[in-house]
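**Student:** Have a look at the structure that comes next, please.
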Amino acid sequence: MTQHGDISGAGWNFDNSYTRLPDMFFSRLEPTPVSSPEIVVVNEAVAAELGLDAESLRTAQGAAVLAGNTVPPGADPLAQAYAGHQFGHFTMLGDGRAILLGEQITPGGERRDIQLKGPGRTPYSRQGDGRAAIGPMLREYIISEAMHGLGIPTTRSLAVTLTGEEVYREEVLQGAVLTRIAASHLRVGTFQYAAGLGNKEHLQALADYTIKRHYPELEESADRYLGLLRQVVSRQASLIAHWQLVGFIHGVMNTDNMTLSGETIDYGPCAFMDAFNPATVFSSIDRQGRYAYGNQPKIGVWNLARFAETLLPLLDEETDAAVKLAEDALGAFSTEFEKHWLSGMRAKLGLFTEEEEDGQLLRDLLDLMHAEKADYTNTFRALTLGQPEQSPLSCAAEGAGWLERWEARRSRQPELETMSQALMRRTNPAVIPRNHRVEEALAAAEEGDYSPLHELVKVLQDPFAYSSEQEAYAGLPDNEGLPYRTYCGT
Ligand code: AMP
Ligand code: MG
């Protein structure tokens, strides 16, 4: 039996608004206790934002909560029901290996989901064991922190805790639980579930809940469901533009992995691109390249179209009119995406002003990078540091011409070069979570050495610092040419 109890002074302050949705949306249950909880890492910054005391979380009582052995006071644990298109195929899913403890009301008055990932089986586990292994949970910890450091909306990670139990995959691995923090875990797939299994009242309850939680400014609006669709389209257009700007490849953009809050969620087979190539795919299970880097905006629209379909009954009583409204709302994605992408790219090149030909200048740079297999992050880093000779651009015949055009373009704006360089420093990260560095930290952690993990997370927390420690983390692996593969679902 899971114990209920206080861990004194930790600062839990739960509300459980999700339990007030219709019953179909969740199953109440408690995490399955494990043999020996042991904290691997607690995120102090996240703990502070949540109003939790990091020291208390590190105690045996804290570890017991984070591993699922003790339910903290005020929590009302549940697994969420949802559906989703996985690689284009509709499936009933749900939290097969996650349990929402509740919503922590932070000292700042924000509502944040606290979810355990890997806490044992749930009614939605299907064939799975409901467990997670240390490697993938630390991977989520590292990448979500990196995304936050890059200023990209994301779920966060409060802690990773060892369970003291083994999990069986292709090999025997150490079991672990990740404590994930999210604005909410509402997904496009939650709406697909409501539309597929519920009636109009269920759907409306979910839509009203989503509006209240994420878009309260719409609450009084007569066309609030259309407003909801427009807002979600807008946030996703901005989010995916940010992914593209830093070379992030989500890897598994199924509709159950797309949030309504606009946060990046579910760091499975994700990775950052090295050499610029729109066809880049890392995931071992994405054989068709559906979720390749260059496809992400298109997949974003596809997923949002699935969301829009679920909302049709709420948009207008006449189906044709509802479809027209939905199509118009979806049509805004590409304009908004392009706007964010272009302004982000201008900043990456130190441009404050706008010129008609900027799009061409950018596309020519990307074409050059593609042809030269130039590292995406490090090319912008070299330009930022005023060292274009450090990038493959200087090797290409067209490289010199492009650099001249860029210099000429920068000289046509009133801002001084120093300002332009400062803008580039704020925009182009000195470090990203390089795949080989992530693997190195995970391998050490699996052996019980957490210092590479802590060092990596530290340099990633302020990727725009351009500090001397970061230099070593900017380098590419020695074994270039070996394709990197990420593995999902472990
Ligand atoms: P994901 O690829 O992480 O988005 O997961 C897809 C679905 O599979 C979700 O419903 C997960 O809860 C479920 N799932 C993944 N791993 C497991 C596991 N080990 N046990 C049970 N369910 C799992
Ligand atoms: Mg998922």
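The values are calculated or read from the model by the stated rules, or taken from the named source; none is laboratory data. Just so you know, these numbers come straight off a predicted model, no measurement behind them. Here the Cβ positions follow ideal geometry from the backbone for every residue, glycine too, while neighbour counts run over all protein chains shown. Ligands, DNA and RNA are excluded from the accessible area calculation, which covers all protein heavy atoms including side chains. Shrake-Rupley method; radii C 1.70, N 1.55, O 1.52, S 1.80 Å.
**Student:** Filter region 246-272 for residues that are more than 27 Å from Tyr215 (Cα to Cα) and in a loop (DSSP other than H, G, I, E, B); which is nearest to ligand 2 (Cβ to nearest atom)?
**Tutor:** Gly268
**Student:** The conditions are (1) more than 15 Å from ligand 1 (Cβ to nearest atom); (2) at pLDDT below 95, and Gly268 fails exactly one of them. Which is it?
**Tutor:** (1)
**Student:** Report, ordered by the first and then the second residue, all pairs with beta carbons closer than 6 Å, sequence separation of six or more or different chains, a first member in region 126-141 that is closer than 19 Å to Val457 by Cα, and a second member that is in a helix (DSSP H, G or I).
**Tutor:** Sorted first by the residue in region 126-141, then by its partner, the pairs are Gly135/Leu442; Leu138/Leu442; Leu138/Ala445.
**Student:** Scan the strands (runs of 3 or more DSSP E) fully inside region 63-158 and keep the ones with 1 or more residues being within 16 Å of ligand 2 (Cβ to nearest atom), in the same structural domain as Val34 (by TED's automatic domain parsing) and buried (at least 21 other Cβ atoms within 10 Å of the Cβ).
**Tutor:** 78-80, 83-86, 98-105, 111-117
**Student:** Within region 305-315, is there a residue that is without any contact (Cβ under 8 Å) to a residue 12 or more places away in the chain and more than 20 Å from Glu336 (Cα to Cα)?
**Tutor:** No: region 305-315 contains no residue that is without any contact (Cβ under 8 Å) to a residue 12 or more places away in the chain and more than 20 Å from Glu336 (Cα to Cα).
**Student:** Before we move on, is Leu383 closer than 30 Å to Leu138 by Cα and either open to solvent by less than 70 Å² (accessible area, probe 1.4 Å) or not small (Gly, Ala, Ser) (or both)?
**Tutor:** No.
**Student:** Take the residues in region 191-205 that are within 16 Å of ligand 2 (Cβ to nearest atom) and in contact with a strand residue (DSSP E or B) (Cβ under 7 Å, 6 or more places away or on another chain); name whichever of them is least open to solvent (accessible area, probe 1.4 Å).
**Tutor:** Selected residue: Gln192.
**Student:** Count, please, the residues in region 413-457 that happen to be open to solvent by 80 Å² or more (accessible area, probe 1.4 Å) and farther than 30 Å from Gln174 by Cβ.
**Tutor:** 7
**Student:** What do you reckon, is Phe352 in contact (Cβ under 8 Å) with a residue 12 or more places away in the chain, open to solvent by 50 Å² or more (accessible area, probe 1.4 Å) and within 30 Å of Met419 (Cβ to Cβ)?
**Tutor:** Yes: the conditions hold for Phe352.
Residue by residue, here is whether (1) open to solvent by less than 10 Å² (accessible area, probe 1.4 Å); (2) part of a helix (DSSP H, G or I); (3) touching a Leu at 6+ places or on another chain (Cβ under 9 Å); (4) within 30 Å of His202 (Cβ to Cβ) holds:
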position	(1), (2), (3), (4)
Arg235	no, yes, yes, yes
Ser238	no, yes, no, yes
Pro297	no, yes, no, no
Val301	no, yes, yes, yes
Arg306	no, yes, no, yes
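**Student:** I would also like to ask the following. Conditions first: (1) touching a His at 6+ places or on another chain (Cβ under 9 Å); (2) away from ligand 1 (no atom under 16 Å from the Cβ). Gln80 passes all but one, so which condition is the exception?
**Tutor:** (2)
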